[in-house]
Amino acid sequence: IIFAKSINQLKQISQSWDPVIESIAEQFFPGPLTIIMPRSAALPNWINPEIDTIAMRIPASPSVMKLLDDTEDELLLSSSANLSGLNPVNNYQEALDQFTGKVDLILKPAVDEHLSGKASTIISYLDSSIRVIREGALLIN
């Protein structure tokens, strides 16, 4: 998953951005929505080179947004907040339990941040068609 701080950044790493996906992005970002779209040639080849789509989102987490702000205009490559087949983590300790030794960085949230325990909703937008891949924290009709 690519985390970005702006819709403009997402436009640069994806193809087929149009008014439909623009409206969805403006309505639900920042927030618990992940969008899968065709990847742009501008996305570095070392990021999943065998896959022609990219999963991306603008998170609502103040800690993640602060990290994105601190990296200026860089994107953040992230895993999901759970290992495949496991429930989403609900707190920092659960993140440590699942990810220690598997990722380079585990971001400790600010004291007042609450982890919802719900995975993000994932939609794909391929061939001008929206498909819900995983229902999560948002309800998309």
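The values are calculated or read from the model by the stated rules, or taken from the named source; none is laboratory data. All values reported here derive from a predicted model rather than from experimental measurement. Cβ placement follows ideal geometry from the backbone for every residue including glycine, while neighbour counts extend to all protein chains displayed. Ligands, DNA and RNA are excluded from the accessible area calculation, which covers all protein heavy atoms including side chains. Shrake-Rupley method; radii C 1.70, N 1.55, O 1.52, S 1.80 Å.
Observations on the structure shown:
- GNM result for the chain, Cα springs below 10 Å: residue of 122, 130, 35 fluctuating most strongly: 130
- Reachable lysines from residue 108, criterion Cα separation under 26 angstrom, eight or more residues apart if same chain: 5, 66, 118
- Whole-percent carbon and sulfur share, accessible surface of the chain, 1.4 Å: 51
- Residues whose amide H falls under 5 Å from that of residue 40, counting only those 5 or more places apart or on a different chain, are 14, 15, with hydrogens built in the peptide plane.
- On the beta carbon distance between residue 52 and residue 137, with R0 = 30 Å, the FRET formula returns roughly 0.65.
- Label separation (residue 91 vs residue 65): 2.5 nm, computed from points 7 Å beyond Cα along the C-beta direction.
- Cα gyration tensor of segment 1-105 - equivalent ellipsoid semi-axes, whole Å, descending: 24, 16, 14
- For segment 34-141, averaging the sequence separation of C-alpha pairs within contact (under 8 Å, six or more residues apart) and dividing by the residue count gives a relative contact order of 27 percent.
- Cα gyration tensor shape of segment 17-77, rounded if a/c is under 1.5, else prolate or oblate by comparing a/b with b/c: oblate
- The residues of segment 43-133 expose on average 67 square angstrom of accessible surface per residue, using a 1.4 Å probe on protein heavy atoms.
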